Structure formats: C-alpha cells, structure tokens
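The values are calculated or read from the model by the stated rules, or taken from the named source; none is laboratory data. Note that the coordinates shown come from a computational prediction; the quantities given were computed from them, not determined experimentally. Positions of Cβ are generated from backbone atoms using ideal geometry, with glycine treated the same way; all protein chains shown enter the neighbour counts.
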Ligand SMILES: *Cc1c(COP(=O)(O)O)cnc(C)c1O
C-alpha cells in the first residue's frame, strides 16, 4: 500500500459545514415541521439570465453539427473570450494573452499554489476564504496545525477586525511572501479603498513578494470610487496576479467559469516571466474550460448579458440592504453588505457558535459562524445575500420578532 501524502494528512477536517449540518439536524429532530431558512450559504440562487441561456442553447445545437463541432480548444481559453475579458472587465489594462480562462477561481487558487511550490511562504487575511490556506497545506507550504491557535505553522495570518477596519497591518507581511488578498472580502464584506490597495501593492513590492488578488466579487462594487481590480493600482502589474470568476456575478457556480490574469511584467528574481510558468501549469494539469461555459461567458459579457446580470446583482444587493437594516435594528454590530454580498455581524458578548445557536433556536435562521474562517472571525456570524427575496423577507420578519427591543 502507498503511504498517505503527509501534507494532506495535516489538513483540518471540514469541520465548519459538517458542524452546521449536525446542529441543523439536531434542531430539526427536536422541532419537526419547523422550516429553517439559511442565510449562510455562499452560493447563488437566482436562475441564469435569458441571454446566457440562449447562447448555451445555440452552442449546444452547433456542437451537434459537423461544422459547429469543436474538440479540445486552447488550454488558455477561447481567444474571443480572453479579448472580451481584457476589454470589458479590465478596459485594456491587461492584454488578452495575460488572461487564462479556467473552470473557476477556486480551481485556479489550487493551480497557483502548484506554481509557487512548497517553499513559498504564505500570508493571508484572517478571517479568509478557506481555499487559500487549505490548498497551501496540501501543497506542503505549511507546518502542522497549532490546535490552540487554530493556525498552521509556517503561515502568516494577518488579523482583520473592526479595530483596523478589516484591513491588515501590512508591516506584518514577511519578506518574499505569497500574499493572498480578497476584496470585496469573503467573509467580512469589507472592500479595500484605492489608498489601501496602493499601500498593499507598495508593501508587497518592497518585500519582493507576489500578491494574489481574489476579485471574485468585484461586480458587486457599485461605488465608483472603489477599485474593482488590482490593476487599477499603479505598479500592480509587476507584483500582482488577479483571479476572478463568473460564479457570483452571473450565477455560474454550477456552470464553472473563471479566469486568472498573470501580467507579463511579473518576474521571478532571475528575470524569468511567471506568466510562462503559469502557462506551463495550465497546459499540463488543465485542458481548457468547457465550450458551453465559454459560450455562456461570452454572452455574460455582451451588452444584454451585462445588463441582465447587473439586475441580478441589484437583487442580491437589495437582500443585503434588508438584512443589514434588520440586524442593526436587532442590536447586532454589522459590517459589510455594501458593495459586497456578505454581512459580518456580531451579537455583543457571544461566541460565533453561541450566536449561531441563538439564531437557529429562536429565529430558525442559519448564518455561518465567523470562527470557521479563521481565529480572527470569532464572535462574528456571516450572513449571505444570496437568497430568494421571499426567504429573506421571511427570515428578517422572524429576526425582527425575536430580537425586538422592548418599547420599539
Ligand atoms: C466563491 C468564491 C470563489 C470561487 O469561485 P469559483 O469560480 O466558483 O471556483 C473564489 N473566491 C472567493 C473569495 C469566493 O467566495
């Protein structure tokens, strides 16, 4: 028999969502017939918009003809889609050849870890999207889990909390680190300002590191003054990779389509282009995104697709507003939910799991315990705006009844 990959053996069990499931089942067994509403999931709920469905239909029909059939395509994606992303998302700030189309941003995060290898030192926001840390553990970048701290040895965790406006102390970033940064942030809903991202780019450049900027929620930014891409920051092309996705803005969580930009200006110490290595990784362990997903992506970036997905994002942001107002009235301290589909809230004096249970048992509403995203998430709950409106309305009605303040 083979021995187990020691890096995989180091991973924590996927405790968060299994524990949520366990507590939900326990509640359901004790309270048969009570409908629990989840505002906890980071998955889209609204159907694909019409221009996208039409494009996939058309591509499927063409694939059934000799003339329209296509086999393997370029691993980096359709030229037309790379051009469209460069033009529509980046307004020409990146070249089409710098865009690698993929089956999603999470998959690209795994491939980026492969690119930098086990010797790289990771620095991450705490709390953060779990894939950054877990894929680094699998790649062998870390030591063992330090149980008492809930952190892996060999990773620099950058605490983000209310006191620092959910923006980390950049002096804590070690030299030559691979820095993961997500804005608009999952889970906190914090959106970094232009000044903050400028400081971040400067800090990573001074430390001769590489920044991986996760822009999966950039389309939720409505404030014109906030940057939607790291490439809006001068000098970013020499230090930053950006990874992004159609999943959240266009409901492609099941369709699967994302991309990663590796600028030609990003170099290793010896002057070699990181771009060429990423190209090698992509052509080795990936064989291109599905033709249907790419047709869907082209439609999502066309004028009709952009208009329709914008309305869908408006729907989610309307949910966020309703949830935010309700939580604030209920006495929670609330962050995020503006320019981001997540709200980060705390019931003063409670741990994440205590707050989770209170919400489940009293209002029959599920949110995600913040502690599941890293030690600095303790005390918070993440509320997601990805839901049908009627579920949000039902949930906020319950929250209002349960948390109504006397006299109000
Ligand atoms: C949902 C999410 C992704 C995943 O995107 P896919 O393209 O569906 O793989 C990436 N990053 C963050 C922060 C996310 O929340």
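Going by what's in this entry, would residue 169 be described as closer than 24 Å to residue 228 by Cα and either surrounded by fewer than 23 Cβ atoms within 10 Å (Cβ to Cβ) or outside the structural domain of residue 215 (by TED's automatic domain parsing) (or both)? Yes. Specify the residue that is surrounded by the fewest Cβ atoms within 10 Å (Cβ to Cβ); the eligible residues are those in the stretch 70-117 that are within 13 Å of the ligand (Cβ to nearest atom) and part of a loop (DSSP other than H, G, I, E, B). Per the criteria, the residue is 103. Spot the failing condition for residue 348; the list is (1) more than 30 Å from residue 70 (Cβ to Cβ); (2) touching a helix residue (DSSP H, G or I) at 6+ places or on another chain (Cβ under 9 Å); (3) outside any helix (DSSP H, G or I), and only one is missed. Just one mismatch for residue 348, condition (2). I'd like to know if the stretch 173-187 contains one or more residues that are farther than 17 Å from residue 123 by Cα, in a loop (DSSP other than H, G, I, E, B) and out of contact with any strand residue (DSSP E or B) (no Cβ under 7 Å at 6 or more places or on another chain). Yes, the stretch 173-187 contains a residue that is farther than 17 Å from residue 123 by Cα, in a loop (DSSP other than H, G, I, E, B) and out of contact with any strand residue (DSSP E or B) (no Cβ under 7 Å at 6 or more places or on another chain). Condition check for residue 122 on (1) touching a strand residue (DSSP E or B) at 6+ places or on another chain (Cβ under 7 Å); (2) closer than 28 Å to residue 368 by Cα; (3) more than 13 Å from the ligand (Cβ to nearest atom); (4) assigned to a helix (DSSP H, G or I): one failure, at (4). When the stretch 204-217 is limited to residues that are within 16 Å of the ligand (Cβ to nearest atom) and either over 30 Å from residue 315 (Cα atoms) or in contact (Cβ under 8 Å) with a residue 60 or more places away in the chain (or both), the one that is surrounded by the most Cβ atoms within 10 Å (Cβ to Cβ) turns out to be 214.
Going by what's in this entry, would residue 230 be described as under 28 Å from residue 307 (Cβ atoms) and buried (at least 24 other Cβ atoms within 10 Å of the Cβ)? Taking the combined requirement at face value, the residue satisfies it.
Of the residues in the stretch 352-368, none is farther than 24 Å from residue 25 by Cα and not assigned by TED's automatic domain parsing to the domain that holds residue 252. Is it fair to say residue 183 is closer than 22 Å to residue 206 by Cβ, more than 15 Å from the ligand (Cβ to nearest atom), at pLDDT 95 or above and surrounded by 20 or more Cβ atoms within 10 Å (Cβ to Cβ)? Taking the combined requirement at face value, the residue does not satisfy it. Could you tell me whether residue 271 is at positive phi, free of Cβ contacts under 8 Å to residues at least 24 places away in the same chain and more than 16 Å from the ligand (Cβ to nearest atom)? Taking the combined requirement at face value, the residue satisfies it.
Screening residue 240 with (1) within 26 Å of residue 318 (Cα to Cα); (2) buried (at least 19 other Cβ atoms within 10 Å of the Cβ) gives one miss only, at (1).
Taking the conditions exactly as written (surrounded by fewer than 20 Cβ atoms within 10 Å (Cβ to Cβ) and either in contact (Cβ under 8 Å) with a residue 40 or more places away in the chain or in a loop (DSSP other than H, G, I, E, B) (or both)), does residue 222 satisfy them or not? So residue 222 fits the description; yes. So which of 395, 385 ends up being buried (at least 24 other Cβ atoms within 10 Å of the Cβ) and within 12 Å of residue 326 (Cα to Cα)? One residue alone meets the criteria, 395.
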